[in-house]
Amino acid sequence: MLKTRVCELFGVQYPIVSAGMGGVASAELAAAVSAAGGLGTIGLAGVGREAIHNEVAAARRLTAKPLAANLIAPFLRPGVVETVAELPIQAVTFFWGDARQWADSISLLRGRSIKTIWQCGSAQEARWAREAGVDAVMAQGVEAGGHVRGVVTTLALVPEVRDAIGDLPLLAAGGIADGRGLAAVLALGADGAVFGTRFLAAAESAAHRQYKQRVVAADATATVHTTLFDIGWPDAPHRVLRTKVIDEWERAGRPQPGQRPGEGQTIAHWRLSQTDLPLVSYTVMPPLNGVAGDLEAMPLYAGQSCSLVREILPAAAIVRSIAAEARAVIEQRLAPLAR
Ligand SMILES: Cc1cc2nc3c(=O)[nH]c(=O)nc-3n(C[C@H](O)[C@H](O)[C@H](O)COP(=O)(O)O)c2cc1C
């Protein structure tokens, strides 16, 4: 047993959510997390309407359990929220910006009984999300992998957000990779935890095998918080593993976009079923399955939690081990302290 109120809110067994990671959080990954009792999220950022249908249908072929989809607000094209509202999913996680500007979308989804969650980087954004009518807030600390809205640590942010949003359900994200982290954020006032980097290294994620191996081998000091990989999404801070591209840019004196080493060069190709997409230096695209080329020149998004990710495992084993460890920490380590 490891039940919190988000289990009831989403209809899941454990308060464990896999992050919606653009490109990486495939239908296979989300379905495996959900089938194991967590809430699996399909990353749909920047995906067109037909592909959205296909991804969700692929996940639905694998599980009948609750599923979430992730959308990044600045990249929402007209009609996407309406499309998502028609899909057999139970929740939508949104990221980036002021939720009040998306109050109509939130209300549309809620009207279809789809729970809405807004990922926030500050207590102010969390208050705005509550005003916008979300069902839950996700607080993201600065140690998170991928694009990072948070500017302070998860440890400082979660209780601050809890105080700011009253009784609204709260998920914590950033720096959490195992059951110890889950138990810790429950103690801070969260009702569940979101795991990105841990599931990026799951067997089912769409990240390229070499990228997963880099994450498994890395520790927290190898991550860099930067705005360097900006082709496709300028001025948006993100956390990546340190690679030669970052070293070269620093050696060149950290020049502005447009004047950076190798700017504009094609570094890799992403081969999809019928197309071959060239990828240029400083692209936002991480190396996914099907990418060939200079993978080390691409952003290897990862959070400080990479120190705790030591093997590539099936997502179900990850869900089970996080739940078992959190329960053991609460029962054997925390509960006796209060007796
Ligand atoms: C590879 C990767 C891609 C990500 N892409 C997205 C995304 O498309 N949408 C989103 O809301 N968050 C995205 N995130 C951030 C996660 O939602 C979450 O905040 C983060 O993974 C939590 O930190 P952790 O990696 O330490 O678990 C991404 C994270 C990673 C590691």
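The values are calculated or read from the model by the stated rules, or taken from the named source; none is laboratory data. The structure presented is a predicted model; accordingly, all values stated were derived computationally and were not measured. Glycine also receives a Cβ, built like all others from the backbone with ideal geometry; neighbour counts cover every protein chain displayed. Ligands, DNA and RNA are excluded from the accessible area calculation, which covers all protein heavy atoms including side chains. Shrake-Rupley method; radii C 1.70, N 1.55, O 1.52, S 1.80 Å.
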Candidate set: region 187-198, residues that are within 19 Å of the chain's Cα centre (by Cα) and more than 8 Å from the ligand (Cβ to nearest atom); chosen: the one surrounded by the fewest Cβ atoms within 10 Å (Cβ to Cβ): Asp191
Output the number of residues of region 104-120 satisfying the condition of being without any contact (Cβ under 8 Å) to a residue 60 or more places away in the chain and open to solvent by 30 Å² or more (accessible area, probe 1.4 Å). 7
Of a type in the set (Gly, Ala, Ser) and buried (at least 19 other Cβ atoms within 10 Å of the Cβ): is that true of Gly232 in this structure? no
What about Arg242, is it more than 24 Å from Leu2 (Cβ to Cβ), of a type in the set (Lys, Arg), within 16 Å of the ligand (Cβ to nearest atom) and at pLDDT 95 or above? yes
Among Ala222, Ala326, Ala292, which is of a type in the set (A, V, I, L, M, F, W, C), in contact with a helix residue (DSSP H, G or I) (Cβ under 8 Å, 6 or more places away or on another chain) and over 29 Å from Ala36 (Cα atoms)? Ala222
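Results for (1) within 14 Å of the ligand (Cβ to nearest atom); (2) of a type in the set (Asp, Glu); (3) open to solvent by less than 30 Å² (accessible area, probe 1.4 Å), shown as yes or no for each residue.
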{"site": "Ala132", "(1), (2), (3)": "no, no, yes"}
{"site": "Asp135", "(1), (2), (3)": "no, yes, yes"}
{"site": "Ala144", "(1), (2), (3)": "yes, no, yes"}
{"site": "Val151", "(1), (2), (3)": "yes, no, no"}
{"site": "Thr154", "(1), (2), (3)": "yes, no, yes"}
{"site": "Leu157", "(1), (2), (3)": "yes, no, yes"}
{"site": "Arg162", "(1), (2), (3)": "no, no, no"}
{"site": "Ile165", "(1), (2), (3)": "no, no, yes"}
{"site": "Pro169", "(1), (2), (3)": "no, no, yes"}
